[in-house]
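Visitor: Please find one structure pasted underneath; my questions will follow.
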Amino acid sequence: MAIVRFDSGPRMSQAVVFGQMIFLAGQVAETKAGHSVTEQTTEILGQIDALLARAGSDKDHILSATIYLTDISTFEEMNLVWESWVTPDLTPARATVEAKLAAPQYTVEIQVTAARK
Amino acid sequence: MAIVRFDSGPRMSQAVVFGQMIFLAGQVAETKAGHSVTEQTTEILGQIDALLARAGSDKDHILSATIYLTDISTFEEMNLVWESWVTPDLTPARATVEAKLAAPQYTVEIQVTAARK
Amino acid sequence: MAIVRFDSGPRMSQAVVFGQMIFLAGQVAETKAGHSVTEQTTEILGQIDALLARAGSDKDHILSATIYLTDISTFEEMNLVWESWVTPDLTPARATVEAKLAAPQYTVEIQVTAARK
């Protein structure tokens with residue numbers, strides 16, 4: 001089976017498709033870095049929508065998500081955006097932990113694994 | 001291939017099955033939160049047993065595990081429980097790191113990916 | 001489908017193969033622990049090469065990588081080694097976060113999921 005990559009560069013690819021599985025890079029906010037957790041989460045989920053669409057999937061086919069927050073006290077702020085985005089009862093497995101990210105302007109990072117439609 | 005979910009809610013599902021693969025949500029102790037790492041780990045591994053059974057698998061079919069500890073100095077305490085639970089030589093790939101979790105009463109979280117039997 | 005494990009012990013296996021997928025344990029430096037991030041990353045990537053070869057794959061078939069650094073300020077130092085190792089445009093999805101690791105002499109840990117060739 002061939003591996004198909006999207007937005008590949010010298011460091012990583014933003015999406016990697018193998019068979020029926022899709023692996024996305026950890027997404028951080030592109031234009032809303034340094035803004036609120038609400039704004040960053042909103043942008044990140046839009047980036048995930050766009051990458052999944054290019055890879056032949058959508059948010060209802062996410063299998064697993066790992067969410068990193070630089071400050072776990074923003075857990076509920078992130079969840080408000082998350083819960084308005086996912087389709088109830090079509091939700092993925094998920095883990096959320098606190099971790100510092102690659103640069104201080106990023107306070108949310110979300111990595112997902114999905115199935116193709 | 002259809003996605004089959006278990007214990008699905010508005011935020012996440014506790015288990016997601018796709019083809020021969022099973023993705024569990026990060027498990028934290030349900031009744032032993034705030035208790036020792038030994039007690040939390042014991043309860044978490046029991047929760048994993050139960051979820052895997054419902055999804056058509058068991059602990060000998062875990063492919064990969066990520067373990068988060070809020071205090072990495074509890075690494076050996078967690079490992080004692082872990083090693084008494086896994087079947088020697090049928091052990092998964094594993095990574096363990098320190099991270100704060102969603103609420104302070106949780107000091108252990110374990111996320112696993114498994115194969116169906 | 002059978003699960004095939006490599007370097008299995010009472011705690012974990014260093015590689016687990018299921019169908020076309022390969023799951024490696026989080027790799028930390030074996031002989032370069034306590035040395036620089038450059039030296040640890042170099043050794044880790046060599047360990048990943050060796051494990052993937054035994055499991056029937058190579059670095060160009062890595063689907064996803066999670067990199068843990070105990071000090072995120074070493075992000076670019078790690079990336080210099082990473083980028084000289086991966087094949088440009090055959091790069092995996094990736095996430096990098098800061099986390100303390102199992103022992104203080106480890107300052108880099110890398111966990112990868114790969115496809116068989």
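The values are calculated or read from the model by the stated rules, or taken from the named source; none is laboratory data. All values reported here derive from a predicted model rather than from experimental measurement. Backbone-built Cβ (ideal geometry, glycine too); neighbour counts: all protein chains shown. Side chains included, ligands, DNA and RNA excluded: accessible areas come from the protein's heavy atoms. Shrake-Rupley method; radii C 1.70, N 1.55, O 1.52, S 1.80 Å.
Visitor: Would you check if A:Glu39 is more than 9 Å from every other protein chain (Cβ to nearest Cβ), over 23 Å from C:Ser57 (Cα atoms) and surrounded by fewer than 19 Cβ atoms within 10 Å (Cβ to Cβ)?
Guide: So A:Glu39 fits the description; yes.
Visitor: Quick one: would you say B:Lys59 is open to solvent by 20 Å² or more (accessible area, probe 1.4 Å) and either within 14 Å of A:Arg94 (Cα to Cα) or within 12 Å of the chain's Cα centre (by Cα) (or both)?
Guide: Yes.
Visitor: Could you please find all residues in the range B:29-55 being within 13 Å of B:Asn79 (Cα to Cα) and among the hydroxyl-bearing types (Ser, Thr, Tyr)?
Guide: B:Thr38, B:Thr41, B:Thr42, listed by residue number.
Visitor: Among the residues in the range C:11-19, are any over 30 Å from B:Leu80 (Cα atoms) and either within 10 Å of another protein chain (Cβ to nearest Cβ) or out of contact with any Phe, Trp or Tyr (no Cβ under 7 Å at 6 or more places or on another chain) (or both)?
Guide: Within the range C:11-19, one or more residues are over 30 Å from B:Leu80 (Cα atoms) and either within 10 Å of another protein chain (Cβ to nearest Cβ) or out of contact with any Phe, Trp or Tyr (no Cβ under 7 Å at 6 or more places or on another chain) (or both).
Visitor: So which residues in the range A:23-56 are within 11 Å of the chain's Cα centre (by Cα) and of a type in the set (A, V, I, L, M)?
Guide: Across the range A:23-56, the qualifying residues are A:Leu24, A:Ala25, A:Val28, A:Ala29, A:Ile44, A:Leu45, A:Ile48, A:Ala50, A:Leu51, A:Leu52.
Visitor: Ok, one more. Look at the range A:48-90 and say how many of its residues are on the phi < 0 side of the Ramachandran plot, free of Cβ contacts under 8 Å to residues at least 12 places away in the same chain and either in a loop (DSSP other than H, G, I, E, B) or more than 9 Å from chain B (Cβ to nearest Cβ) (or both).
Guide: Here the count works out to 7.
Visitor: Please go through the range A:76-98 and pick out each residue that is among the hydrophobic types (A, V, I, L, M, F, W, C), crowded, with 16+ Cβ neighbours inside 10 Å and within 15 Å of the chain's Cα centre (by Cα).
Guide: Across the range A:76-98, the qualifying residues are A:Met78, A:Val81, A:Trp82, A:Val86, A:Ala93, A:Ala95, A:Val97.
Visitor: May I pose another question? Restricting to the range A:14-32, name every residue that is more than 18 Å from A:Ile62 (Cβ to Cβ), crowded, with 17+ Cβ neighbours inside 10 Å and not basic (Lys, Arg).
Guide: A:Ala29 - this is the single residue of the range A:14-32 that is more than 18 Å from A:Ile62 (Cβ to Cβ), crowded, with 17+ Cβ neighbours inside 10 Å and not basic (Lys, Arg).
Visitor: Mind listing just one residue for me: the one in the range A:91-117 that is small (Gly, Ala, Ser) and more than 21 Å from B:Met21 (Cβ to Cβ) and, of those, nearest to the other protein chains (Cβ to nearest Cβ)?
Guide: A:Ala99
Visitor: Have a look at B:Gln105, B:Gln111 and point out the one that is part of a strand (DSSP E or B), touching a residue at least 24 places away in the same chain (Cβ under 8 Å) and closer than 20 Å to B:Ala25 by Cβ.
Guide: Result of the check over B:Gln105, B:Gln111: B:Gln111.
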